[in-house]
Amino acid sequence: MIAVSFFEVREISKRFGGLMAVNGVSFQVEPGEIFGLIGPNGSGKTTIFNLINQYYPLTSGDIVFHGKSIKGLKTYQICHLGIGRTFQVVKPLKRMTVLENVMASAFSRVNTFGEARKLAMETLAFCNLLPEQDKAAKSLPIAGRKRLEITRAMATKPELLLLDETAAGLNPGELDEAIDLIKRIRDRGVTIIIVEHIMKVIMSISDRIHAINYGQTITEGKPEDVANNKEVIEAYLGESYA
Amino acid sequence: MKRSRVIIAFIALALVLFPLVVKSDYYQHLVILALMWVVIGGSWNLLAGYTGQVSFGHAVFFGTGAYTAGILANKLGISAWWGMAFGGITAALVGLFIGWVCFRLRGPYFALATIAAGEIFRLIATTWESLTEGMVGIMILQTFRSKLPYYYLALLLAAASMFVFDLVMKSKWGFYFISIREDQDAAESLGINTTLYKNVSLLISSFFTGMAGAFYMNYMAFIDPHVVFSLHYISIMAILVGIIGGVATIWGPALGAFIMIGVQETFRSSIFGLAPRWVSQSHALVFGLLVMFVILYMANGVVGDWPKIKRLFLRRP
């Protein structure tokens, strides 16, 4: 019997006109792990996320969740299947309160006002955002907005969570809180794919890392192996450092 | 919470007692129109204010409702009152068709399409004479001589529509509507089928507007394409009612309806006959100035900026 993989992208590609933003990338994610996705600016990390949640249609390749292809589904269906995501450029529902933001996403799992409120409050408490619940989302500072992104995604009860640079722009104290939150999400049994620029974050929490550049895979492996990989150093720092 | 309930009860009581105290047909007529506009303004607000899909063509739904009632009476010999139900349904079907075509697109396409739809429907009603009597219009016999039955029906319709809008906005649908308005991509990633829920909002909105149209047919007993499919008097008026009263508030369009009917009538009658006749020609100009004023100084409308207005008056000794 062949075990059905939890989540897998197979040879995915995305072409924007003459540009191959993602070119034949493949990887598998095991349940319960934190899977890091790194690469220099413009290497295609966010595009991969947009392909996974079907915001962009694939040019070629396939994406498989629980053994079933999710290619061609709508973005909202991806969420219902159990794949949540956050946005690098945060998208708070500005003129709603923090609580209302989270309730709007909780409604993807429950139907009544009372249930949605309960689920939202639990999730806010889990993400340490409860004190901000009545503030307008637009009044939150960037750390709060990033946290709201995670909270909202968590309220959809995902099995797989895509985190897109949730640590960017945070100060060291906020960074530690973010790392702590991501670890606690993993401890809840949620599998995480994380895109991150800050090496402190990605190296300390990832179980495995997949490095890409120009839309193509460079290497994949344990954090320390990837950090010492010649091509990865080249991609980040230039050839002379390799 | 308790205070607002007292206020609501007081307003409701005042509206119920109004025609019993004020016997003038003229003033009763104005309040009937205002109540009808509460329904249309609230419907527009549900779609544009809460869901963020701005419609410049609510005349389509109003006219469809009115013509449904009119044609039922004129062609089939059925009481135009059946139009109250069927008018809402046909308007909702028209709404669904427009939504089905336009809501897969983003941005201003829906707004543009609604302007076009308004013109298309006005032209159809003008040219399809075998069905609509064209420019001659449809005339029916009024059921009641007294204004009272119409008054209470309009009041019921206005109250029912506001009740439904309030209920919807406190439910899952309401959260979805506002999420779509705030950020469609975020909404979609949170599991909201944005195309579907934009259509749901449009469906409710067009249904109530269609009912208002059917009511208008029954009440005025005469319609023609230039009145009920009018860009100016219906579609734009719906927007003004929403903006001036307060977009994305339950009470805004209700208050806006009374303000707009008041302003319109004041100028249409040349300030009750006190001013020279040319003043009556200027009501469109006054609407324009009013909108400029509201956008500049109270962008959230009278209800949305109520705290601001209160502060302004309380500060003065």
In the stretch B:161-173, anything touching a residue at least 40 places away in the same chain (Cβ under 8 Å) and crowded, with 21+ Cβ neighbours inside 10 Å is listed as B:SER161, B:PHE165
Only one of these conditions is not met by A:LEU73: (1) touching a residue at least 60 places away in the same chain (Cβ under 8 Å); (2) over 17 Å from the mean Cα position of the chain (by Cα). Which number is it?
(1)
From the residues in the stretch B:2-27 that are under 11 Å from B:LEU148 (Cα atoms) and charged (D, E, K, R), which one is surrounded by the fewest Cβ atoms within 10 Å (Cβ to Cβ)?
B:LYS23
Select from the stretch A:166-189 the residues that are hydrophobic (A, V, I, L, M, F, W, C), under 25 Å from A:THR97 (Cβ atoms) and either modelled with pLDDT of 90 or more or not in a loop (DSSP other than H, G, I, E, B) (or both) and list them in ascending order.
A:ALA178, A:LEU181, A:ILE182, A:ILE185
Mind telling me which of the residues B:VAL38, B:VAL54 ends up being closer than 17 Å to B:GLY252 by Cα and at pLDDT 95 or above?
B:VAL38
Return the only residue of A:ALA143, A:ALA120, A:ALA106 being more than 14 Å from chain B (Cβ to nearest Cβ) and of a type in the set (A, V, I, L, M).
A:ALA143
Answer residue from the stretch B:124-151, given it is free of Cβ contacts under 8 Å to residues at least 40 places away in the same chain and outside any loop (DSSP other than H, G, I, E, B) and is surrounded by the most Cβ atoms within 10 Å (Cβ to Cβ) among those:
B:ILE124
Residue among B:VAL164, B:VAL168, B:VAL200 that alone is within 14 Å of chain A (Cβ to nearest Cβ) and within 18 Å of B:TRP251 (Cα to Cα):
B:VAL168
Reported set for the stretch A:45-69 where residues are closer than 16 Å to A:PHE7 by Cα and either surrounded by 20 or more Cβ atoms within 10 Å (Cβ to Cβ) or within 14 Å of chain B (Cβ to nearest Cβ) (or both) is A:ILE48, A:PHE49, A:ASN50, A:LEU51, A:ILE52, A:ASN53, A:GLN54, A:ILE63, A:PHE65
Test B:ILE180 against the criterion of being more than 14 Å from chain A (Cβ to nearest Cβ) and assigned to a helix (DSSP H, G or I), and give yes or no.
no
Looking at (1) among the hydrophobic types (A, V, I, L, M, F, W, C); (2) surrounded by 23 or more Cβ atoms within 10 Å (Cβ to Cβ); (3) within 14 Å of chain A (Cβ to nearest Cβ), can you tell me which one B:ALA154 breaks?
(3)
Given (1) within 24 Å of A:ILE233 (Cα to Cα); (2) out of contact with any Leu (no Cβ under 7 Å at 6 or more places or on another chain); (3) within 11 Å of another protein chain (Cβ to nearest Cβ), identify the lone condition not met by A:MET96.
(1)
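The values are calculated or read from the model by the stated rules, or taken from the named source; none is laboratory data. Owing to the predicted nature of the structure, the values given are computational and were not obtained by experimental measurement. Note: ideal-geometry Cβ built from the backbone for every residue, glycine included; neighbour counts use all protein chains shown.
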